[in-house]
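Asks: Submitted below is the structure of interest, expressed as structure tokens.
The values are calculated or read from the model by the stated rules, or taken from the named source; none is laboratory data. Note that the coordinates shown come from a computational prediction; the quantities given were computed from them, not determined experimentally. Here the Cβ is made from the backbone with ideal geometry for all residues, glycine too, and neighbour counts use every protein chain on show. Ligands, DNA and RNA are excluded from the accessible area calculation, which covers all protein heavy atoms including side chains. Shrake-Rupley method; radii C 1.70, N 1.55, O 1.52, S 1.80 Å.
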Amino acid sequence: MTECRGLVMVQAKTCRTEQSDYCPTVLIVQVVVRHQDFKLIFELYAYWVDIISAIEFDRTGDHLATGDRGGRVVLFERTDKRDHGGNRRDLERMDFPIIRHPEFRYKTEFQSHEPEFDYLKSLEIEEKINKIRWCQSANGALFLLSTNDKTIKFWKVHEKKVKKICDMNADPAKAAGNGPVVGPSIPTSSKPYTANGGCLDKPVGLSNDFSFPLGGVPSLHLPVLTSSEISLVPRCRRIYAHAHDYHINSISNNSDGETFISADDLRINLWNLEISNQSFNIVDVKPANMEDLTEVITSAEFHPTHCNILAYSSSRGSIRLVDMRQSALCDSHSKLFEEQEVPGSRSFFTEIIASISDIKFAKDGRYILSRDYMTLKLWDINMDSGPVSTFQVHENLRPKLCDLYENDSIFDKFECCLSGDGLRVATGSYSNLFRVFGCSEGSTEATTLEASKNPLRKQVQTPSRPSRSLGALSHGFRRGADTSGVDTNGNAFDFTTKLLHLAWHPTENSLACAASNSLYMYYA
């Protein structure tokens, strides 16, 4: 059996010496690991670092970026538009045959973050990418922000032409690539002269391996540089660091194209893209005494059109709308969106499942979509009395909250997204399932799909069980509740496979879903 051996420091003992009373003695133990176990550990690590942790379309929808636990950012580019030229609507008018499904192909990837260690706080900083946000493109280059728990980086990805030297004077038969020419020296029988009388029998500064072309000096000319191929070059332009004491959970670009915000558990900072060594704290919920802390910030998002408005959510299920024109430190909110608790429905898990994990503005900025553990809620920013719609994601898991609490699944943070036209919303669930709901007036659409190569597997009919209702809402309505307790294939939910990250194309009904280390694209 093949074995891998290594030395591990396991214990320190003390012994008396003449110089001092005690000195440490290190005990070295040899550890034997089987080759099969070592290979398995390596495969598990490779699988773990490939798990996708962030996903985002750019504003045009022609590029898609994903980040993983290994700190890498992978870019994909849409190719079906580029092949034909023009947009889809113009091609339909021309009766031009087009590809029905959008095609995204691999473009490039780069290492955005590396693992670090904070020696002052004895804190290990993971390289995992928490969020990715696209910035405005310029001169054909792509710009994006990526962040891990502590550090935000501003990346530029541009095309660079690789130039090569061609049209050389050297004889190809005597040259090897761009190296020195190999061959005999200039013949001694003839001594060519230049126009000014210089003798070329032994030119100054040239090695004996150099040979002139047959045409002599007049045929000499400078080498020509030609662009043979184009490569993509990622470059980190700025690093925004040392501004957060807690883990960064959100970054969001402003509509002015110049600033962005970053949020951790207790603070929201405002940055300028051109200034990396200074930020402004605009929201601070940290109390004077940490024992008085009742909620933390879970997500923050800029308004898509108004550069002075932002929204942030909390662990108590509330959303606060902030106007930065009111004061430099936005301690007070303009509006508070919070659903009133139904009397008699409070339990040990009420506050845990009420924590909002993600919020998104609709494209027009009129609505805010929020995701807590059990539901999706759609809020109208002009009506702060309650959500206009509530969608049940996995109501069938309510009787299993104790089990979910024991295995920490109840703390999973699912993301949500809206379609570009604002008619549909989507979010993920367990067993790599995701749900799509119609949010237009009178719509009853509620679709469950699986992130796999066969998303529409035949559903098995199972007897339904009555679910515990939270009671009627004073505002809005509930639909989409699934009480079967099984996934689309009739199997029990697998809490180890979860679809946490997804993004909707800004202009089309295309959905990108990240299930573990796999990326799936769906088009309707």
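Asks: I'm trying to understand the selection: among the residues of the stretch 119-129, which are open to solvent by 40 Å² or more (accessible area, probe 1.4 Å) and part of a strand (DSSP E or B)? Spell out the reasoning first.
Replies: Kept after step one, since they are open to solvent by 40 Å² or more (accessible area, probe 1.4 Å), are these residues of the stretch 119-129: 119-124, 126, 128.
Selection gives Leu123, Glu124.
Asks: On to the next question. Restricting the stretch 319-353 to residues that are in a loop (DSSP other than H, G, I, E, B) and of a type in the set (Lys, Arg), which is farthest from Trp271 (Cα to Cα)? Steps first, answer last, please.
Replies: We begin by selecting, within the stretch 319-353, every residue in a loop (DSSP other than H, G, I, E, B); these are 324-334, 338-349.
Filter once more, so that each one left must be of a type in the set (Lys, Arg): 325, 346.
Numbers: Arg325: 16, Arg346: 40 Å.
Checked the stretch 319-353; the qualifying residue farthest from Trp271 (Cα to Cα) is Arg346.
Asks: Let me ask something else. Name every residue in the stretch 273-297 that is polar (S, T, N, Q) and over 18 Å from Ala241 (Cα atoms), in order of residue number. Walk me through how you get there before you give the answer.
Replies: Going residue by residue through the stretch 273-297, those that are polar (S, T, N, Q) are 276-279, 281, 289, 294.
Passing the criteria: Asn289, Thr294.
Asks: Just one of Glu92, Glu126 is of a type outside the set (A, V, I, L, M) and at pLDDT 85 or above; which is it?
Replies: Numbers: Glu92 fails: at pLDDT 85 or above.
The unique qualifying residue is Glu126.
Asks: Continuing with this model, one more query. Name the pairs whose Cβ atoms lie under 9 Å apart, with the first residue in the stretch 359-376 and closer than 16 Å to Gly422 by Cβ and of a type in the set (Ser, Thr, Tyr), the second open to solvent by less than 10 Å² (accessible area, probe 1.4 Å) and in a loop (DSSP other than H, G, I, E, B), and 6 or more positions between them or separate chains?
Replies: Taking only residues 6 or more apart or on different chains, the pairs are Ser370/Ile356; Ser370/Pro387.
Asks: In the stretch 411-443, which residue that is in a strand (DSSP E or B) and hydroxyl-bearing (Ser, Thr, Tyr) is surrounded by the most Cβ atoms within 10 Å (Cβ to Cβ)?
Replies: The selected residue is Thr427.
Asks: Now for a separate question. Give the number of residues within the stretch 377-422 that are at positive phi and without any contact (Cβ under 8 Å) to a residue 24 or more places away in the chain.
Replies: Qualifying residue count, the stretch 377-422: 1.
Asks: OK, next. Quick check on Val342: is it aliphatic (A, V, I, L, M) and in contact with a Gly (Cβ under 8 Å, 6 or more places away or on another chain)?
Replies: Details: aliphatic (A, V, I, L, M): yes; in contact with a Gly (Cβ under 8 Å, 6 or more places away or on another chain): yes.
The answer is yes for Val342.
Asks: Which of the numbered conditions does Ser370 fail, given that it passes all the others? Conditions: (1) polar (S, T, N, Q); (2) at pLDDT 95 or above; (3) assigned to a helix (DSSP H, G or I).
Replies: So Ser370 meets the others, but not (3).
Asks: Looking at the stretch 285-318, which of its residues are among the β-branched types (Val, Ile, Thr) and not in a loop (DSSP other than H, G, I, E, B)?
Replies: Within the stretch 285-318, the first condition is being among the β-branched types (Val, Ile, Thr), and the residues that meet it are 285, 294, 296-298, 305, 309.
Once the filter is applied, which keeps residues that are among the β-branched types (Val, Ile, Thr) and not in a loop (DSSP other than H, G, I, E, B), the stretch 285-318 yields Ile297, Thr298, Ile309.
Asks: Out of the stretch 130-165, which residues are part of a strand (DSSP E or B) and not hydrophobic (A, V, I, L, M, F, W, C)?
Replies: First pass over the stretch 130-165, keeping only residues part of a strand (DSSP E or B): 131-134, 138, 141-147, 152-165.
Within the stretch 130-165, Lys131, Arg133, Ser146, Thr147, Lys153, Lys156, His158, Glu159, Lys160, Lys161, Lys163, Lys164 qualify.
Asks: Still on this structure, I have one more. Filter the stretch 259-275 for residues that are over 22 Å from Phe414 (Cβ atoms) and open to solvent by 40 Å² or more (accessible area, probe 1.4 Å) and give the result.
Replies: Within the stretch 259-275, Arg267, Asn272, Glu274, Ile275 meet the criteria.
Asks: For the stretch 493-524, give me each residue that is hydroxyl-bearing (Ser, Thr, Tyr), open to solvent by 50 Å² or more (accessible area, probe 1.4 Å) and more than 23 Å from Glu43 (Cβ to Cβ). Show your work before the answer.
Replies: Going through the stretch 493-524, the residues hydroxyl-bearing (Ser, Thr, Tyr) turn out to be 496-497, 507, 510, 516, 518, 520, 522-523.
Within this subset, residues satisfying the condition of being open to solvent by 50 Å² or more (accessible area, probe 1.4 Å) are 496, 507, 520, 523.
Within the stretch 493-524, Thr507, Tyr523 meet the criteria.
Asks: Looking for something closer than 16 Å to Tyr312 by Cβ and either free of Cβ contacts under 8 Å to residues at least 24 places away in the same chain or among the aliphatic types (A, V, I, L, M) (or both) - is there at least one such residue anywhere in the stretch 268-278? Lay out the reasoning, then the answer.
Replies: Restricting attention to the stretch 268-278, the residues satisfying the condition of being closer than 16 Å to Tyr312 by Cβ are 268-271.
Next cut, either free of Cβ contacts under 8 Å to residues at least 24 places away in the same chain or among the aliphatic types (A, V, I, L, M) (or both) only: 268, 270.
Yes; the residues of the stretch 268-278 include at least one that is closer than 16 Å to Tyr312 by Cβ and either free of Cβ contacts under 8 Å to residues at least 24 places away in the same chain or among the aliphatic types (A, V, I, L, M) (or both).
Asks: Out of the residues in the stretch 325-341 that are among the aliphatic types (A, V, I, L, M) and farther than 15 Å from Ala263 by Cα, which is most open to solvent (accessible area, probe 1.4 Å)? Reasoning before the result, please.
Replies: First, the residues of the stretch 325-341 that are among the aliphatic types (A, V, I, L, M): 328-329, 336.
From what is left, the residues that are farther than 15 Å from Ala263 by Cα are 328, 336.
Details: Ala328: 90, Leu336: 54 Å².
So, considering only residues that are among the aliphatic types (A, V, I, L, M) and farther than 15 Å from Ala263 by Cα, the one most open to solvent (accessible area, probe 1.4 Å) is Ala328.
Asks: Anything in the stretch 444-468 that is open to solvent by less than 100 Å² (accessible area, probe 1.4 Å), at pLDDT 85 or above, assigned to a loop (DSSP other than H, G, I, E, B) and over 18 Å from Leu519 (Cα atoms)? List them, or say none.
Replies: Glu445
Asks: Since Val29 meets every condition but one in (1) at pLDDT below 75; (2) surrounded by 17 or more Cβ atoms within 10 Å (Cβ to Cβ), which condition does it not meet?
Replies: It is condition (2) that Val29 fails.
Asks: Can you tell me which of Ile368, Ile352, Ile356 is within 22 Å of His247 (Cα to Cα), buried (at least 18 other Cβ atoms within 10 Å of the Cβ) and out of contact with any His (no Cβ under 8 Å at 6 or more places or on another chain)? Give the steps one after another, and end with the answer.
Replies: Details: Ile368 fails: within 22 Å of His247 (Cα to Cα); Ile352 fails: buried (at least 18 other Cβ atoms within 10 Å of the Cβ).
Residue meeting the stated conditions: Ile356.
Asks: Further question: Do you know which of the residues in the stretch 281-295 that are exposed (fewer than 10 other Cβ atoms within 10 Å of the Cβ) and not acidic (Asp, Glu) is nearest to Asp264 (Cα to Cα)?
Replies: To start, the set of residues in the stretch 281-295 that are exposed (fewer than 10 other Cβ atoms within 10 Å of the Cβ) comprises 288-292.
Now drop any that are not not acidic (Asp, Glu), which leaves 288-290.
Numbers: Ala288: 17, Asn289: 18, Met290: 16 Å.
Within the stretch 281-295, the match that is nearest to Asp264 (Cα to Cα) is Met290.
Asks: Restricting to the stretch 229-256, what's the tally of residues that are open to solvent by 70 Å² or more (accessible area, probe 1.4 Å) and in contact with a strand residue (DSSP E or B) (Cβ under 7 Å, 6 or more places away or on another chain)?
Replies: Final tally of qualifying residues: 5.
Asks: Let me ask something else about it. I'd like the full set of residues that are among the aromatic types (Phe, Trp, Tyr) and modelled with pLDDT of 95 or more, limited to the stretch 305-351.
Replies: Of the residues in the stretch 305-351, the ones among the aromatic types (Phe, Trp, Tyr) are 312, 337, 348-349.
Scanning the stretch 305-351 gives Tyr312, Phe337.
Asks: May I ask you to list pairs of residues, at least six apart or on different chains, whose Cβ atoms are under 6 Å apart, with the first in the stretch 297-323 being over 14 Å from Lys360 (Cα atoms) and among the aliphatic types (A, V, I, L, M) and the second being in a strand (DSSP E or B) and at pLDDT 95 or above?
Replies: Filtered contacts from the stretch 297-323: Ile297/Ala263; Ile297/Tyr312; Val322/Leu310.
Asks: Confirm whether Leu232 is farther than 30 Å from Ala328 by Cβ and not in a strand (DSSP E or B).
Replies: Working: farther than 30 Å from Ala328 by Cβ: yes; not in a strand (DSSP E or B): no.
Spelling it out, it is not the case that Leu232 is farther than 30 Å from Ala328 by Cβ and not in a strand (DSSP E or B).
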